[in-house]
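Written out below as structure tokens is the structure these notes cover.
The values are calculated or read from the model by the stated rules, or taken from the named source; none is laboratory data. Keep in mind that this is a model prediction, so the values were computed, not measured. Virtual Cβ from ideal backbone geometry, glycine too; neighbours counted across all protein chains shown.
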Amino acid sequence: MTHRLILGLAGAAAALVAVTPAAAQQWRWNEGNWRTVGTARVDGRDTDTIALPGFTRQREVRVCALNAPLRLRAFDIRFANGGRQDVNTRAVLNAGTCTRAVNLRGNRRDIASVRLRYEPVAYRANRPVVRVQVR
């Protein structure tokens, strides 16, 4: 009996390991030259700010929704030098989708934070996770 239990658990673990890489590849932090620089779980309020750590230079930015859909009205990009860029999107981001690539004004800019203006599509137990990607 114990031998069968061990073999059963080993088989289940092997199946789990075989399935995990395919799911993990879907949400890589660096996909198609896009780097994920910040993530946040939004809680249903009207606005949230995602602070981006470090000093890096970017040309483009996009915002992606995970876990649940999100109605993204706009996002404001705050630069390290005090400048800002407002982006109106008015897009419904389904879980696993991103906004269009937004070119940053100026040459290559250092983003300090991104302020999101949004509303949830549906109130449910899963709150959307938002990630900011740059390249």
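Computed quantities for the displayed model
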read-out: Qualifying positions in segment 21-43 - touching a strand residue (DSSP E or B) at 6+ places or on another chain (Cβ under 6 Å) and modelled with pLDDT under 55; value: W29
read-out: Matching residues, segment 90-102, being under 16 Å from the mean Cα position of the chain (by Cα) and either part of a strand (DSSP E or B) or surrounded by fewer than 16 Cβ atoms within 10 Å (Cβ to Cβ) (or both); value: A91, V92, L93, N94, A95, G96, T97, C98, R100, A101, V102
read-out: Total residues in segment 103-131, condition of a type in the set (A, V, I, L, M) and part of a loop (DSSP other than H, G, I, E, B); value: 4
read-out: Qualifying residues in segment 103-135 (those that are within 15 Å of the chain's Cα centre (by Cα) and among the aliphatic types (A, V, I, L, M)) - the one surrounded by the fewest Cβ atoms within 10 Å (Cβ to Cβ); value: V129
read-out: Residue list for segment 78-112, filter: more than 24 Å from G32 (Cβ to Cβ), touching a residue at least 24 places away in the same chain (Cβ under 8 Å) and in contact with a Phe, Trp or Tyr (Cβ under 9 Å, 6 or more places away or on another chain); value: A80, A112
